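Q: Quick one: the structure is below, and I'll ask about it shortly.
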Amino acid sequence: MRRRPPVRPYPRLARVNALVLEVLAEEIERLGDADERLALVTITDVACEGDLRHAVVYLASLRPDAQLALEERRRHLQRALASQARLKRTPTLSFAVDPAIVEGNRIEEALRRANTAEAGGTQPGEGS
């Protein structure tokens, strides 16, 4: 009788993405103590390629220079990832602003403009 391999709750690439996110988040938190540009950086997602040669790290940050600071520390972050994660190869990291955050900001701004325009007109309950 053959034993079936254990069923994984989610695919390998999703597990790798979660592992990379966890390791990088901890390391960026440590770096944030020394570099104030990294103090308010949040990793929202990681997308590794299937062959693990490249990974895009998506960020939500309150500082515009955080992406530059991460690029400067890229090699350090890759070394930390290589030492803490048992992967066939360590992906080359690149950093990008999370498009969901950008889209959310765009929608929020549109709602603000709509509310401002509505407030400039007649308010409900005002007599005519």
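Q: Against the definition (at pLDDT below 95, loosely packed, with under 12 Cβ neighbours inside 10 Å and of a type outside the set (Lys, Arg)), how does Gly50 come out, yes or no? If you could, list the steps in order and put the result at the bottom.
A: On the way: at pLDDT below 95: yes; loosely packed, with under 12 Cβ neighbours inside 10 Å: yes; of a type outside the set (Lys, Arg): yes.
The answer is yes for Gly50.
Q: Looking only at segment 17-48, which residues are charged (D, E, K, R) and free of Cβ contacts under 8 Å to residues at least 40 places away in the same chain?
A: Quick first cut of segment 17-48, residues charged (D, E, K, R) only: 22, 26-27, 29-30, 33, 35-37, 45.
Matches in segment 17-48: Glu22, Glu26, Glu29, Arg30, Asp33, Asp35, Glu36, Arg37.
Q: Right, next: If you check Pro91, Pro99, Pro64, which single one turns out to be at pLDDT 90 or above and not basic (Lys, Arg)?
A: Being at pLDDT 90 or above and not basic (Lys, Arg) holds for just one of Pro91, Pro99, Pro64, which is Pro91.
Yes/no matrix, rows are residues, columns are (1) acidic (Asp, Glu); (2) out of contact with any Cys (no Cβ under 7 Å at 6 or more places or on another chain); (3) farther than 17 Å from Val23 by Cβ; (4) part of a helix (DSSP H, G or I):
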position	(1), (2), (3), (4)
Thr42	no, yes, no, no
Leu68	no, yes, yes, yes
Ala80	no, yes, no, yes
Leu87	no, yes, no, no
Phe95	no, yes, no, no
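Q: Which condition breaks for Asn115 when tested against (1) closer than 25 Å to Ala14 by Cα; (2) over 18 Å from the mean Cα position of the chain (by Cα); (3) part of a helix (DSSP H, G or I); (4) not hydroxyl-bearing (Ser, Thr, Tyr)?
A: Condition not satisfied by Asn115: (1).
Q: In segment 26-37, is there at least one residue being surrounded by fewer than 19 Cβ atoms within 10 Å (Cβ to Cβ), under 9 Å from the mean Cα position of the chain (by Cα) and not in a loop (DSSP other than H, G, I, E, B)?
A: For segment 26-37, residues surrounded by fewer than 19 Cβ atoms within 10 Å (Cβ to Cβ), under 9 Å from the mean Cα position of the chain (by Cα) and not in a loop (DSSP other than H, G, I, E, B): absent.
The values are calculated or read from the model by the stated rules, or taken from the named source; none is laboratory data. As the structure is a prediction and not an experimental result, all values here were calculated from the model. Glycine also receives a Cβ, built like all others from the backbone with ideal geometry; neighbour counts cover every protein chain displayed.
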